[in-house]
1. Go over the candidates E93, E107 one by one and state the one that is more than 26 Å from R68 (Cα to Cα), open to solvent by 50 Å² or more (accessible area, probe 1.4 Å) and touching a residue at least 24 places away in the same chain (Cβ under 8 Å).
2. I need the full set of residues from the stretch 53-73 which are out of contact with any strand residue (DSSP E or B) (no Cβ under 6 Å at 6 or more places or on another chain), open to solvent by 40 Å² or more (accessible area, probe 1.4 Å) and not β-branched (V, I, T), in order please.
3. Please go through (1) of a type outside the set (A, V, I, L, M, F, W, C); (2) exposed (fewer than 13 other Cβ atoms within 10 Å of the Cβ); (3) not in a helix (DSSP H, G or I) for R113 and return the number of the only condition it doesn't satisfy.
4. Take the conditions of a type in the set (A, V, I, L, M, F, W, C), touching a residue at least 24 places away in the same chain (Cβ under 8 Å) and surrounded by 12 or more Cβ atoms within 10 Å (Cβ to Cβ) and apply them to A179. Does it pass?
5. Tell me the residue from A154, A120 that is within 22 Å of the chain's Cα centre (by Cα), under 23 Å from H74 (Cβ atoms) and small (G, A, S), please.
6. Tell me which residues, restricted to the stretch 67-112, are over 12 Å from L156 (Cα atoms) and among the hydroxyl-bearing types (S, T, Y).
7. Basic (K, R), open to solvent by 70 Å² or more (accessible area, probe 1.4 Å) and part of a helix (DSSP H, G or I), is that true of R147?
8. Being hydrophobic (A, V, I, L, M, F, W, C), in a helix (DSSP H, G or I), open to solvent by 70 Å² or more (accessible area, probe 1.4 Å) and more than 24 Å from A171 (Cα to Cα), is that true of even one residue in the stretch 119-140?
Amino acid sequence: MPWHSAKSRSPSASPPATKGYPPSAFAKLPQLVERAGNAEDGRGSVTAFYTVLVEGDDLQDPIADSARAILDGHIVLARRLSDQGHYPAIDIEASVSRVMSAIATPETLAAARVFRGLSARYQRAADLIGVGAYQPGGDPVLDEAVRRHDAMQAFLAQEARERASFDESLAALADAIGATAET
């Protein structure tokens, strides 16, 4: 029995809700995304950027979770990065592109994988590093992440008026991870 039929028969009936959102909110999300659509020739294109604001940076919010499930990727902005003056405040560990593997070269994918791996390894040890408990020599990957951390942070930061071509960005990525610029 549809909700509206049950509501008309029983005044105490109400639609099920997830964290206060009615089911219709979740039904509308795919409709909004599909309405943006692909290019007419079927190759696809970036047709929209959707913004989902969540309370208290709660990425487990049902709307944010549903949006991540249906979109081709998501860019997560982190308050902790903006509080440090790091702009754009993109959390690369929490951000994902589902189309990157289809559009990037194998070399670029490999460089991005190395970058993300080093960044994640550094973040896992950040507390130890911060209190001086990190001792070089015990973990070669962490040692590399610590050595490259400043260069990697510089690669991720960009002034509002700063511009870089795609080739310049690839070269800077390679430099940040200590690879050749053939990405």
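The values are calculated or read from the model by the stated rules, or taken from the named source; none is laboratory data. The shown structure was predicted, so the numbers you read here are calculated from the model rather than taken from an experiment. Every residue, glycine as well, gets a Cβ built from its backbone with ideal geometry; the counts of neighbours run over all protein chains shown. Heavy atoms of the whole protein, side chains included, go into the accessibility calculation; ligands, DNA and RNA do not. Shrake-Rupley method; radii C 1.70, N 1.55, O 1.52, S 1.80 Å.
1. It is E107.
2. Correct list: L53, E55, G56, D57, D58, L59, Q60, D65, A69, D72.
3. Answer for R113: the failing condition is (3).
4. Judged against the criteria, A179 is a match.
5. Values: A154 fails: under 23 Å from H74 (Cβ atoms).
Result of the check over A154, A120: A120.
6. Hits for the stretch 67-112 are S82, S95, S97, S101, T105, T108.
7. yes
8. Looking for residues that are hydrophobic (A, V, I, L, M, F, W, C), in a helix (DSSP H, G or I), open to solvent by 70 Å² or more (accessible area, probe 1.4 Å) and more than 24 Å from A171 (Cα to Cα), one finds at least one in the stretch 119-140, hence yes.
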